[in-house]
Every structure is written in C-alpha cells, then in structure tokens.
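Scroll down for the structure; my scribbles are underneath it.
The values are calculated or read from the model by the stated rules, or taken from the named source; none is laboratory data. Computed from a predicted model, the values in this text were never measured in an experiment. Here the Cβ positions follow ideal geometry from the backbone for every residue, glycine too, while neighbour counts run over all protein chains shown. Please note that ligands, DNA and RNA were not included when accessible areas were found on the heavy atoms of the full protein model with its side chains. Shrake-Rupley method; radii C 1.70, N 1.55, O 1.52, S 1.80 Å.
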Amino acid sequence: MSPLLLTLLACRPDPDPVKPAPDLTERLPQGAVRAGVVTDAAALFGGLSAEGQLGDVKIYNDRAMFIIQGDRPGDYYIATGGGVVDADIVRPEGQPGRDVVDEWQTMAGLGRLQRPETITVVENGEFGRAWVRVEGGEVPMALITGALESPDFIPNLGLQITTDYILSPDSPLLEVITTITAAEEDVSIIPGDLLIASADAAIPWRSEAGFDEDADAKSMIVNGYLGTRNEGAWGMVAPAGGVLATSAAGDLLRSLVDAASTFGDTVSLEEGSSASFRRFYGVGDDLAALTDDWLVRSEAATQTVSGVVEADDGPVAGAIVTILVDGAPYTVAITDDAGRYEALAPAAGVITTAAVGRGTGLHRDLPVGAAPYSPYTTDTNRDAALASIAEGALPIAQAEGRGVASAESPDRLGVPATLTVRAADGLPFELRLDGGGDGDPRLDPGRPYGRAALGWTADGTISLPVEAGAYTLLAWRGQRYELVQQSVELAAGEETVVDVTLAAAYPLDGWMMGDPHSHAAPSGDGGIPMEDRLLVAASVGVGLHFGTDHDHIADYAPLLTPLGLDGLLNTVLADEVSPPPRGHVNAWPLEPGQGSNGGAWLWWEREIQSTDEMFAALRAQHPGVVLQMNHPLDSGVAAAAGWSPGNVNDSGRWTEDFDAVEVLNDGQHEDYFAFWLDTINRGILSAPVGVSDSHRHLAGGPGVNITYLHMSPDPSAYSPDTLRDVMRRRATIASFGVFLDMDIVPGTTLTGAGPHTLTVTARSPSWIVVDRLLLLQDGVEVARVDGVEATFTLSALQDASFVVIAEGDSPMTPITSGLPWAASSAILLDLAGDGWTAPLPAIAR
C-alpha cells in the first residue's frame, strides 16, 4: 500500500462558507473544536521552538493545539507560510508550553513547498469540526537552493497546491489532505512531509525502530519524536489503514538539518489533472495517544494493553513503556501518577512490554517544572518560561534513576539512590558519573554521552537520582581548576553526600575566559536548550559565552538572572553565518535585530556573488562587527576557496576581510594553526581563538577549548566595545588546557631592533602537564625550552612575527584524551616603527 493514500479531488465536497473567528484563548471542553485567525497573543503557546504570531491561524480542541503560519516570513529555515510552526498538547493551568516544532511542511517533491496565496478558515468548529485551507502555487525550499547556490535546482513545475487541515473533537490527530494539480504540464512528483523538531527537547522515535536511529523501519505508522523529559509526542502519522515510508530523497535534507521526513510513491499527473494524499500530524501526551486514535480511525481489530509499573517504594509515575508487537516497537505509553499505562495494539500479534525509568541522565540545578526558553515566542510566553526557570512550575512526571525492567518482570523498576555533591566555595561546577550501561537501543533512549549521569549547578550543590550501584564520580570546573575524582557506592533509597574542593590553579589577572563558538536550541543541530548552554558554560569556568547559533541572532541575556548566573557569566550576542558553499563565519558582538531569526543575515535568501561581497554585507548590517573564520579547513572559508600555503584556487570564495581565526576547534589545531600562521605572515592580521564548537552538553569539549581575552575577568564588566577593543589589539590566547602568562601582551607591536625580552610561564592545574615552550619566528621554530618557564629574546634583521606555543605529551585525563596545547597571538616586531611589513608575499588569488 502506498505510504501516502491517494484519492481523486472530485471525491471531496465543496467547503462550507467562511465562519467568523471565535475566541481562541478559551480552554475547550470535551467534544469541542475550534479554528480561527489569532488576534490575541494569549491564544498562542510557548515552548522551545514557539514562534506563533498574531495573524497566524490556530486550530485546536481539548487536547491538541496547532499554529498554522500566516502569509508572513517565518523563523528557522523555512520562511514560507501555510505550514504548521507550533504544536503542543493542551496543558493544565500553571504548566508552560512545550512546543518543539521548528517546521512542519508539505512537500511536492524534494524541497518543493507550497506558496500560500490564501489561508481560509473554512469551518471554525461550530458544526463539529475545524477546517483550515491553504491554497497557492509552489516555491523552492530556499535552504536547499541557497546551500547549492543553484536557484534552478528545484524547477518550477507550475503546480497548484491546496492543503486542508481538519481537526475533529477529542482527537490528537490533525488530518492533512494535500491536493496537487498539474496546472501547466505533465509532471511526476514524489509527495512528502518534513518535520524539523528541536533535538534539544525531543528524541526521534519511529515505528519498528523505536529510539534506535540506525535501525530500519519499513512500515511505519509514526515517524516523529518523544519529549526528552516526557513533555509529549509529536509525529507524522500514516493515513488510516496505511503506512509511512522514508526515502533516499530525504538524505539531502538530513545533511542540511536534523529532520524527520516521509515520501510516498511517485505520482504522475497529466496536465490539468489532480491527486490528493492524506496523512495526519499528531501531538499527544505520549505516542500511544497517536496510535490509539489511528487504530480507531482505521477501524482495525484491537486489543488493550495495560499495566502498572511499580517499584519497592510504590507505583512509578513517568516511566516509558514500549509496547512491542511480535518483538518490534509499536508505540510508547507514559505511566500516570498511579503508575498505570494503557494503549491499543493490533489484535493480531504477540504483545510484550518493556518499562524504562532512567530519565535523561542530564540534571540541571533548576526548580521543578522549569520550562525551556524560546527567543521567538510572545513576551507573555517568554516571561512564563523565565519565571518557571527562576521559581518552578507545574511539573511533568518523569521516572529517573530507576533503571530498566527485565524481560521476566517488564513492569518492575528499581528504587533510585540519591547522590548530592557540594562544592566548598558554592560556585558552579559540572558533575560526571561513570558506570552502568545502555539497554536495548530500541527501548531505551540511552545514557548521556555514554555516562550514567551528568549534572550542572549554579550554586555549588546538586542532587540527582541515580540507579543504585558503583560509580566513578568526577567534579570539575574547567581547565583552570583542580578536579576531584573518586569512587562512590550508591544504595537504593539512600542519599550519599560528597563534599568537594575545586581550587583555582592560578589567578586570572586581566584575562577573561571565553568560548567564541557554541550552540544551543536556535541552531538546527543545537542539541541543548539555551538555559542548559549557559549552565554548562558557567560550570566549566567560562566567563563569557558567545551565542553563535547557526543563522540566528538569539539573545541569551534574559536567562542569566533566573539561572542565578549574574556576576558569574555574561553573554555575547552573535550569529554563525553558515552557507555551505562559502564556509561558516561567526559574527559578534551584535545588537538585537528585527525580522526572521532575530534579524540574522539569511544567506539562503540572497544571491551571493563572492565571499568578499558577503563579508562586506555583514559589516554593513552590523557596524563594528568582528568576523571570525570558523574551522577554516573543514566547512570553512579556506576549504571553500581551495587554500594552500600562499595560494587560493577560487578567488570568488576567498576573502582577507576577517578579524579572527579558529586555530583550535574541539581539540583540533594542527591544520587550522598552520593556516593562521600562513595568513599572518602574509600580512593578513587576525586574532587566534580557541573554541569548543559545542552542539550538545559535552560535545566539543566545553571548558578545555578556550580563548583568553585580554580584558577584565569580571563578567559584569563586559561591554561590546571592550570586546571589540580586545580584537582590534588581537590580544588573545587560544588554549587547549593551558594559560600562557606573558609579560608582553600577545598582539603587541614592538618597535626598534631591541633585543626585546619575553618571559613566559605556562599555567595549568596538576592534571594538565606542560612539557615545553616554543617560540616561532615568522612561522618557524627558533627556540625550545623544556618545562613551564622560559625567557625568549625577540630580535630580527627585518620586521618579524613571534608566536609562543605550549605543548604537553600526556593526555588531559580524565577530561579528554587530547594533549595540552596553547598558542599566543602574534607579537609583531616593527624595526623602523614605520608600519609592520609581512615577511612573506601576499596570497596569490
């Protein structure tokens, strides 16, 4: 059977007349449904991805809510209206929204979207159903054509597209019927759907594969997501009685952004003919809410699967229970406060269940019920999220630290132990707990980064529920501090308290620790909420966070106070401009802007003629901006331009108009550093920076990939102008574990023949061992001293550059297997004082 059930347009009746807009702020009773244009912001709901605005269309009942974007520019990667941009369950009073939908769109072939010309509320719910119709032509997905710099990659086929959204009372499923008409020529298309959900708050789940993203799933009923903290379930659901399928057509989309997609069979249409395909978009308390409704609509024979998940301390609320049919995951139910779960399953087949009560293993020192923050939702919803982060809100039940049920007792979980760790100075730190193992990847979302648990605290104390057993505990605060590692034995039902002292190994006189490249929820591949990113940064010793989300200008500053981070951390408004053909570039510090994605420079909406032009446009839009070349030889400008020492192969993709270069990215530095040295010694002066480029909680090594900035270490003293001054002076040190204490500030220009004396001390805690210091002149090693202290003589017969490097031969265990390394910005020697002259010829273009 086709995954997209095709029917003839002629089989559908004409719509009813347009109805007046009802009150969309009202909570509906059972049996009611409603649709209308949003005229009151109170009708909109919050969540990590929430972006609904006045003028959009809301369609909802007593259990599910959807926002259909009006004919306006949208946020994230699809500006086109007519698709679903927000979806959530109807939550109880006192519980902020949890929308995770970035984009939910119909496609008439890969990357061919509907261009809305009219959006009509056909039925407002007065007569038993709500019906919204979107009519228009087609438009290419600009993210694809922009990424390929090929405007004609998705040709215009002259299609006319009508999408009907129909919601019935008491249902979590929004029926979606898309009718495609070949208005101008014979066509063959592959209809499909694209769901981009925030991986920061949702875990992919598919029928047959469950949580295992690598498993095959050939006959799916649901392709979607389960909230990481039991916030709900979102998914594309098969037409009644049908199935969904994935396709190789989604590979390009997945290479650009994390997404779930479904594509049907190829449909051939003669000019003037039409075809429709049906499916559902669903949002429910759990996946069972979606599959139960689907089975009823399919008029399938069913059986009821139910049970109570218990432990020695009583019933377990918030456990994940997978219902399997003939050994394959069919759906997931979440237990209620009484530990009870219930779901429908097909009458045929052997039913088994498996309960999991581990939770995410990611513990933030936040109040119960804290909701994620969205930069694009309404002021009211933002305020509600901030209040919940500061004070808490109505919680969502989630079983934590209870392990995985056995096959013999599938409804029996364990009693958690409690681990409390306290830092003597009451300052932020990160906790890592190693031990245990993963369960079946289809049934268990898995341990965070292979660890039993991770935690972050702003006030020096954190408590977390953990499965009973033996573990290795690690408390640390980044590369400037000593760390604590010890074994702990945790008993079920008991609390173990561990006090730790995390002493600073050296002072930060006149230097700020920054990380000028990290990501969170606004990035399509962020993998971590905005509030978590700030907690992680503060916990690993970073004083200045840079919000370099892909193609977003998202302001993190409102989160500092509710998180308790005032005076401990500050944040820089930034944007990672990420055109694949030209390389990724960070832009900072910025000012809040207007328009899609916070006023970001949306490269996919522009025809870029050259990288020089792109950089000039960024400087025009953001006066005083610092432009940073990211991972230059890996999806960076240098790679795009075909750089080799002294040469570039494609001058149209090259520019010399940059201010900073990542010489260190996630522990990788050899090739990036060589690129920077070559450009410096050919007269392109820039500051070296070290970055984590972290996209998740641990990925990218936050805390040991650092840029030391020559400015006050007090986060409260930060200002954009101070940061600009640091970069103008190129006063930076790129550091993988080591601080270079130098009596000449890196980036300084010296005049006169000298000789000039430079004293250097490499500073680090005891778990980071530095073995030598090196001096490079014009990119070539001219001195090497074993140990952590050296005095170098800076002299030359002509203008020269000098760079100091620290190296270590032992891995920085237990944090990373990488070897210690640091590099200073170049100290320039201008012999005559008439302006520094580069020792090497300019790059040939």
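Would you kindly find the accessible area of ILE119, with a 1.4 Å probe and non-protein molecules such as ligands, DNA and RNA excluded, rounding to the nearest 10 Å²?
50 Å²
Report the gain in length on full extension from ASP725 to THR25: 0.36 nm times residue separation, minus Cα-Cα distance, nm rounded to one decimal.
Stretched fully, the ASP725-THR25 segment lengthens by 247.1 nm.
Which whole-angstrom value gives the distance between the alpha carbon centres of the range 537-563 and the range 670-711?
19 Å
Put a dot 7 Å past each Cα toward the Cβ at GLU670 and VAL498; how far apart are the dots in nm?
Those two pseudo-labels are separated by 3.5 nm.
For LYS58, LYS218, give the ranking by accessible area with the largest first, probe 1.4 Å.
Descending order: LYS218, LYS58.
Got a number for carbon plus sulfur as a percent of the chain's accessible area, 1.4 Å probe?
48 percent
Measuring from centroid to centroid over Cα atoms, what is the spacing of the range 324-362 and the range 418-448 in Å?
Using only Cα atoms to place each centre, the spacing works out to 25 Å.
Based on a Kirkwood Rh over C-alpha pairs, give the Stokes-Einstein translational diffusion coefficient of the range 73-193 at 10 °C and viscosity 1.306 mPa s in µm²/s.
Value of D from the Cα-based Kirkwood radius: 100 µm²/s.
Treat every Asp and Glu Cβ in the chain as -1 and every Lys and Arg Cβ as +1, leave all other atoms uncharged, and give the resulting dipole magnitude about the Cα centre to the nearest 20 debye.
That gives a dipole near 360 debye.
Can you tell me the length gained on complete extension of the stretch ASP216 to ALA407, counting 0.36 nm per residue apart and subtracting the Cα distance?
66.5 nm is the gain from fully extending ASP216 to ALA407.
Hey, what number do you get for the chain at 222 nm if only DSSP H runs of n ≥ 4 count, each worth -39500 (n - 2.57), divided across all residues, to the nearest 500?
The per-residue figure over the chain is -3000 deg cm²/dmol.
If you count only protein heavy atoms with a 1.4 Å probe, what accessible area per residue comes out for the chain, rounded to a whole Å²? Write out the running numbers ahead of the final one.
Numbers: 28780 Å² over 845 residues.
Per residue, the chain has 34 Å² of solvent-accessible surface.
If I take every Cα pair under 8 Å that is 6 or more residues apart in the chain, average their sequence separation and divide by the length, what percent do I get for the relative contact order?
Here the relative contact order equals 8 percent.
Hey, if you put +1 on the Cβ of every Lys and Arg and -1 on every Asp and Glu Cβ in the chain, which of PHE277, LEU24, VAL804 ends up farthest toward the positive end of that dipole?
Looking along the dipole axis, the top candidate is VAL804.
At a Förster radius of 60 Å, what calculated FRET efficiency corresponds to the Cβ-Cβ distance of LEU797 and ASP265, to the nearest 0.05?
According to the calculation, E is roughly 0.20.
Which order do you get for GLU138, GLU494 if you rank them by accessible area with a 1.4 Å probe, largest at the top?
Largest accessible area first, the residues go GLU494, GLU138.
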